[in-house]
Amino acid sequence: MWFWPALVVAVAASAALLVLTHQPIVAPHTQITLATAVAAAWAAAAAVAWSRYRSSSDPHLLFVSAGCGALVVGTVVYGIAFSFAIDLPQVLFRQELSALPSVLRVSPLPVVGWQVAWAVAGACFVLALPWRDRRGKTPVSAATVLGYTTLATGASIPIAAFVAEALQDGHPWKGFNIGLPGLDRFALGPVGWFIGGAAALLLVVAAWREAWRGSNARGVHPCLAGALLVAAPMQLGVIHHPLQGMGFLTWADALQPLVPALVLAGLLLSQREEISRVRRATDRATDVLSGRAEIASTLAHDLRSPIATVKSLAATTTQNYDRLSDAERTEFLSLIEHEAGRLLDTVNQASLALKVDAGTLVDDRRPLDLATVVREAIESADTTGHYLTAELAPGLTVEADRKNLAEAVRQVIDNAAKFSPPDAPIRVSSAAAGPLAVVEVADGGPGIPEDRRHEVFGRFARWRPVGYEDRPGTGLGLFIARGIFAEHGGEMETEGAPAGGTIVRIRLPLEAET
């Protein structure tokens, strides 16, 4: 999969940027611009995830939206607002280096607050995928998730303020070192390491879970995994250079827009795939509905004649029962039985065709001996008046549904008997051809012209060979057979027999040997 090599490169590049980071540079306006762009990207990702959640009710998208929203707040408050609030950039621009010791007593609140916001987002991403099966349980409430996320994000301000106060008021952790010469060292201390480490750990766990889900899925899962893996080192980088929202930039800050860009790309890619899936499903549903309408229309036409015949015969028998001889009554009842059989065959064919067309056949596949299934089909086929021979290779095993596969082969044999002259032989054979099993049904009929062979597999095939125009039938037999073989991974074709007639060739995958 193309994404995983790119993901490894992205993570390696992230680590390299952090390792090769040089001293920070004073760039307050660039820092504000970058933070604004990042906040806008997170806002876009949150909006897309929320929109998709509203249409799909997928809790994964709800938590992703909440996490992105927390980062919008964290970036705006701690990355932008505090950049305007502090006076460090102005002092540096005026080059009043003598004032630096007093100015550098500014609160580390934006750094700690940014860490807490990422910890909240990391928790949302970890909870995005359920840890256990929630089928049959109450769905996750959007109000609950957004409420807790809002509460946690809001609590980041007093938490950050408390930590910042401890760092400033003569605490051993104080000190500042932004890489500029002559400045005291400022370190976030154990609290900063704890918050940043917790955020990094949460992001790594969330990335692992998304990657595990993404191993069998495309779209948002692998992209989100890559984004979280890129974001995790950023939490350690800000501990090394606690400059978030203070008007300074490092090379590692280039990673900040990459993270929401990956998330947004995954959401948009997943949305496009979902739209394509829905479009395919809609097209399929349209085809099924049109096929059902055609089957219903043709069924009504084909049933009208035998129903009228049965009704006429029954009415005649009822009205003239006393005047009819026993022989005439027997003849009328035989005709009624024959027409009723035609009706039943038509209804059964139409019902089976509807299931094949909609893909709703009951499918209980298991390894089967192909010769046994073909013999079952031969025994149930109507080959009256024809001499049938079977040459079936033993030991051919296919994975199939016994009932459906036997029905498909029977349809082919019935079709061969229907369009062959009386006493014409029918030969059924099976053999192995590499990884495939090949079943052939050859008849002695007039054959099918090459330009007509594609027509016989369609719904309600109406083409008939010369001399067979009046043969009854729904024209669904080969359509049903081809559909069942296709469901089993097989294919079906016709060709002319050397001595005349038609050969229907069926190819099915053989069961792999273990």
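The values are calculated or read from the model by the stated rules, or taken from the named source; none is laboratory data. None of these values were measured; they are calculated from a predicted model. Ideal geometry is used to build each Cβ from the backbone, glycine not excepted, and the neighbour counts take in all protein chains shown.
Of the listed requirements (1) assigned to a helix (DSSP H, G or I); (2) modelled with pLDDT under 80, Thr33 misses just one: (2).
Of the listed requirements (1) within 40 Å of the chain's Cα centre (by Cα); (2) assigned to a helix (DSSP H, G or I), Ala437 misses just one: (2).
Here Val310 fulfils each of the conditions (1) assigned to a helix (DSSP H, G or I); (2) more than 30 Å from Ile426 (Cβ to Cβ); (3) at pLDDT below 80 apart from (3).
When every residue of segment 53-65 is checked against the conditions, none turns out to be closer than 19 Å to Leu255 by Cβ and assigned by TED's automatic domain parsing to the domain that holds Leu243.
Restricting the search to helices (runs of 4 or more DSSP H) fully inside segment 39-117 and requiring at least 1 residues that are surrounded by fewer than 24 Cβ atoms within 10 Å (Cβ to Cβ) and modelled with pLDDT under 70 gives 82-85, 88-93, 100-103.
Can you pull out the strands (runs of 3 or more DSSP E) entirely within segment 321-431 that have at least 2 residues that are in contact with a Pro (Cβ under 9 Å, 6 or more places away or on another chain) and buried (at least 19 other Cβ atoms within 10 Å of the Cβ)? Result: 397-400.
Within segment 337-380, being of a type in the set (Asp, Glu) and over 28 Å from Pro394 (Cβ atoms) holds for Glu337, Glu339, Asp345, Asp357. Number of residues in segment 333-384 that are within 30 Å of Thr316 (Cβ to Cβ) and either assigned by TED's automatic domain parsing to the domain that holds Ile307 or modelled with pLDDT of 90 or more (or both) equals 18.
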